[in-house]
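I have placed the structure first, in the form of structure tokens, so that the comments after it can refer back to it.
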Amino acid sequence: MTQTIQPVYNFNAGPSALPAAVLEKAQKELINFRGTGMSVMELSHRSKPYEEVHNQAIERLKKLYSIPENYEVLFIQGGASLQFSMVPINFLQTGKKAGYVMTGVWSEKAFAEAERLGDAYQVASTETDKHNRIPNLNELNYNEDDAYLHITTNNTIYGTQWKDYPDTGNVPLIADMSSDIMSKPIDVSKFALIYAGTQKNLGPSGVTVVIIRKDLLEKANPDNPTILKYATHAKNNSLYHTPPTFGIYMLGEVLGWIEECGGLEAVTQRNEEKAKLIYDVIDNSDGFYRGHAELESRSLMNITFRLADEALEKKFLAEAKDAGFVGLNGHRSVGGCRASAYNAVPVEACKALSEFMIQFQQNNH
Ligand SMILES: Cc1ncc(COP(=O)(O)O)c(C=O)c1O
């Protein structure tokens, strides 16, 4: 019996859409990976074919982001949430403070861990504005002798994104880039450490990418448990223990797909085009749709909006679901609606959503 499959538009916030071409390639290679007679999941992590996969993912990251020589690329497990602890465990030593810029739930979680482990303080917060904006760079009054300054470059729940990053001089800038890593070119040299879970822009869940400046490795507390030291992972090319091999394979393939798309410039252009399709509907809706974020802080990754009341939002989400749109509910902590248009979400999906939104407004105004 043939089955008709309705097209699904995946706007999940993470785990989220993966490039169809990558999934197809992974499917093709699944049973017999490049002539090894087994799948990539069954290879020893010490074998040559896996080593090639591992190193290719690192090389592709370095190339796409033009990562300078004095940085290491690491693959760690435990998600961005482990980084919330690992960063202060390594770098928040007695006698120093760490500044946190509070732009949403994830910064709060990162800050809470740092507070538990050492002396952390809030450099700026947008809480009173319901986290609808990114602070101006001149609002960031951190101390010149701080251990580090921590920011969340894209706020997945509120739909705000940093457009410029502060020049922090001697204060190491540490960024949670979980929801906008590899969505645009960045100047890596502005950061001392970048971390991101792969499950939004880079592959399935299970891998955390860490890009760390080498001099920081020496500054870390030497008395930490071995597995929690960045130096352990750096010394062993992220093979100190068994890495999430399938996730790293998928990461490498997603990075290869970004290269094939024309690199980060082309990806940014596409992301801008996609987000514009939806923001334009919001802006031209005479207030029927209300964007949460201030214009200049709008995220290209997570587009958050509300309708007149909860009943209308419920209707919108129900009809959207029936029409094949998945993942449009806002985060459970804030409600409303959210379309996550990460790298792998096709332009057609955003076009279809924008048309659905226009139609829904016409039917319900
Ligand atoms: C910005 C940001 N930071 C951290 C996290 C937590 O990541 P993980 O679930 O990988 O620990 C998320 C998850 O959505 C996120 O969006």
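Is it fair to say Ser85 is modelled with pLDDT of 95 or more, farther than 23 Å from Lys163 by Cβ and within 11 Å of the ligand (Cβ to nearest atom)?
Values: modelled with pLDDT of 95 or more: yes; farther than 23 Å from Lys163 by Cβ: yes; within 11 Å of the ligand (Cβ to nearest atom): yes.
When the stated conditions are applied, Ser85 passes them.
Residues checked against (1) outside any loop (DSSP other than H, G, I, E, B); (2) away from the ligand (no atom under 12 Å from the Cβ):
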position	(1), (2)
Asn143	no, yes
Pro166	no, yes
Ala175	yes, no
Lys200	no, no
Inter-residue pairs, beta-carbon under 6 Å, first on the phi < 0 side of the Ramachandran plot and in the stretch 61-89, second within 16 Å of the ligand (Cβ to nearest atom) and of a type in the set (Asp, Glu), 6+ apart: Ala80/Asp176; Phe84/Glu113; Ser85/Glu113
Exactly one of Ala124, Ala114 is without any contact (Cβ under 8 Å) to a residue 60 or more places away in the chain, more than 13 Å from the ligand (Cβ to nearest atom), among the small types (Gly, Ala, Ser) and in a strand (DSSP E or B), and that residue is Ala124
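Taking the stretch 264-309 as the search range and keeping residues that are assigned to a loop (DSSP other than H, G, I, E, B) and of a type in the set (A, V, I, L, M, F, W, C), which one is surrounded by the fewest Cβ atoms within 10 Å (Cβ to Cβ)?
Of the stretch 264-309, the ones assigned to a loop (DSSP other than H, G, I, E, B) are 284-289, 292-294, 299-301, 307-309.
Adding the requirement that they be of a type in the set (A, V, I, L, M, F, W, C) leaves 288, 293, 300-301, 307-308.
Numbers: Phe288: 19, Ala293: 23, Leu300: 23, Met301: 30, Leu307: 23, Ala308: 13.
Here the residue is Ala308.
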Does Lys314 count as out of contact with any Leu (no Cβ under 6 Å at 6 or more places or on another chain), assigned to a helix (DSSP H, G or I) and crowded, with 21+ Cβ neighbours inside 10 Å? no
Counting only residues that are farther than 18 Å from Ser299 by Cβ and out of contact with any strand residue (DSSP E or B) (no Cβ under 9 Å at 6 or more places or on another chain), which one in the stretch 116-135 is surrounded by the fewest Cβ atoms within 10 Å (Cβ to Cβ)? Thr128
For the stretch 88-101, state whether one or more residues are buried (at least 17 other Cβ atoms within 10 Å of the Cβ), of a type outside the set (A, V, I, L, M, F, W, C) and within 12 Å of the ligand (Cβ to nearest atom). no
Can you go through Asp215, Asp180 and tell me which one is away from the ligand (no atom under 16 Å from the Cβ) and within 22 Å of Ser66 (Cβ to Cβ)? Asp215
Name the one entry in Tyr100, Tyr50 that is in a strand (DSSP E or B), in contact (Cβ under 8 Å) with a residue 12 or more places away in the chain and touching a Phe, Trp or Tyr at 6+ places or on another chain (Cβ under 9 Å). Tyr100
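Just for the stretch 145-161: of the residues that are without any contact (Cβ under 8 Å) to a residue 60 or more places away in the chain and either in a helix (DSSP H, G or I) or surrounded by 18 or more Cβ atoms within 10 Å (Cβ to Cβ) (or both), which one is nearest to the ligand (Cβ to nearest atom)? Steps first, please.
So the first thing to find is which residues in the stretch 145-161 are without any contact (Cβ under 8 Å) to a residue 60 or more places away in the chain, and the list is 145-147, 149, 151-153.
Subsequent filtering for residues that are either in a helix (DSSP H, G or I) or surrounded by 18 or more Cβ atoms within 10 Å (Cβ to Cβ) (or both) retains 146-147, 149, 151-153.
Details: Asp146: 21, Ala147: 20, Leu149: 16, Ile151: 10, Thr152: 5, Thr153: 8 Å.
The qualifying residue nearest to the ligand (Cβ to nearest atom) is Thr152.
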If a residue must be of a type in the set (Phe, Trp, Tyr), out of contact with any helix residue (DSSP H, G or I) (no Cβ under 7 Å at 6 or more places or on another chain) and not in a loop (DSSP other than H, G, I, E, B), how many such residues does the stretch 177-198 contain? 0
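Can you name the residue in the stretch 64-82 that is part of a helix (DSSP H, G or I) and touching a helix residue (DSSP H, G or I) at 6+ places or on another chain (Cβ under 8 Å) and, of all such residues, is nearest to Met250 (Cα to Cα)?
Step one: list which residues in the stretch 64-82 are part of a helix (DSSP H, G or I), which gives 64, 79-82.
Then drop every residue that is not touching a helix residue (DSSP H, G or I) at 6+ places or on another chain (Cβ under 8 Å), which leaves 64, 80-81.
Details: Leu64: 16, Ala80: 18, Ser81: 21 Å.
If we take residues in the stretch 64-82 being part of a helix (DSSP H, G or I) and touching a helix residue (DSSP H, G or I) at 6+ places or on another chain (Cβ under 8 Å), then Leu64 is nearest to Met250 (Cα to Cα).
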Evaluation of Val87 against (1) β-branched (Val, Ile, Thr); (2) within 23 Å of the chain's Cα centre (by Cα); (3) not in a helix (DSSP H, G or I) (one fails), failing number: (3)
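Criterion first (modelled with pLDDT of 95 or more and away from the ligand (no atom under 13 Å from the Cβ)) does Tyr195 satisfy it?
Criteria not met by Tyr195.
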Every listed condition ((1) part of a helix (DSSP H, G or I); (2) touching a residue at least 60 places away in the same chain (Cβ under 8 Å); (3) within 24 Å of Val105 (Cα to Cα)) holds for Ile358 save (3)
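What residue, of Ser85, Ser189, is of a type in the set (S, T, N, Q) and within 26 Å of Glu259 (Cβ to Cβ)? Walk me through how you get there before you give the answer.
Values: Ser85 fails: within 26 Å of Glu259 (Cβ to Cβ).
The unique qualifying residue is Ser189.
The values are calculated or read from the model by the stated rules, or taken from the named source; none is laboratory data. Because the structure is predicted, anything quoted here is derived from the model rather than measured. As a convention, Cβ positions derive from the backbone with ideal geometry for all residues, glycine included, and neighbour counts pool all protein chains shown.
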